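What follows is a single structure, written as structure tokens, with notes after it.
The values are calculated or read from the model by the stated rules, or taken from the named source; none is laboratory data. Because the structure is predicted, anything quoted here is derived from the model rather than measured. Cβ atoms come from the backbone with ideal geometry, glycine included; neighbour counts cover every protein chain shown. Just the protein is used for accessible areas: all its heavy atoms, side chains included, with ligands, DNA and RNA removed. Shrake-Rupley method; radii C 1.70, N 1.55, O 1.52, S 1.80 Å.
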Amino acid sequence: MTPDRLRTALRGVPDPRWLDAALRRVATDPAAIPRLFATAARTCGRGPLPGGPGWTVDEAARALLLTALPAGHAAAAEALYRHGDAAEKRAVLRALPLLPIGAECVPLLHDAIRTDDTRLVAAALGPYARHLEQPAWRQAVLKCVFTGVPLAVVDDLAGRADGELAVMLAGLAAERRAAGRSMPADAADLLDRLGARSPSTTAPEA
């Protein structure tokens, strides 16, 4: 999702003039963003974003407010995340891949993944998670399996899943079998695919 696509999807918000004015205000007065960020949901709505699967209207509006800043994107994102409610935190996480910040906000991903809020965990594993170190990324994927977060939310899962993740998933699957429980279908499918990708370790018969 790009800022242009978000802007197009937001054309039907209840008060598009408010959003236009808010974006202009943030571009010229960055100090106004905390107040506008907090009021975006009440003004723009909280429903699903048309044409933006997985996004809500308030997340899209808040992400655009962050992209409208002339500078200081990482500092603003961190402050809004640290002081925001759950919905505001999710909006920040979704906005991160749209901002010119490199890996500066990776600590926000670590924080979100540590929480018990599955919606925050899911938001943290979007495109910005490419900056997560592989061990932390594997643990986050495993947490998705533990907590029931669909693996479809994990960006680039097929590209990043590796043998170490397969070992971790296999261990979890064994624990669940011993307890009479099954793996989620998407996790079992991923484990099957990773197993098929791994080279055989069985020695050839003489």
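Quick notes on this structure:
- Residues of segment 110-160 classified as assigned to a helix (DSSP H, G or I), under 16 Å from residue 59 (Cβ atoms) and among the aliphatic types (A, V, I, L, M), total: 7
- Any hit, segment 25-44, residues being at pLDDT 95 or above and in a loop (DSSP other than H, G, I, E, B): yes
- Applying the criterion of being open to solvent by 70 Å² or more (accessible area, probe 1.4 Å) and not in a loop (DSSP other than H, G, I, E, B) to the residues of segment 13-24, the residue that is nearest to residue 57 (Cα to Cα) is 17.
- For the criterion of being over 20 Å from residue 48 (Cα atoms) and either at pLDDT 95 or above or not acidic (Asp, Glu) (or both), residue 130 passes.
- Any chance residue 80 is buried (at least 21 other Cβ atoms within 10 Å of the Cβ) and of a type outside the set (Phe, Trp, Tyr): yes
- Pairs, first without any contact (Cβ under 8 Å) to a residue 24 or more places away in the chain in segment 26-51, second open to solvent by 60 Å² or more (accessible area, probe 1.4 Å), C-beta under 7 Å, six or more apart: 32/25
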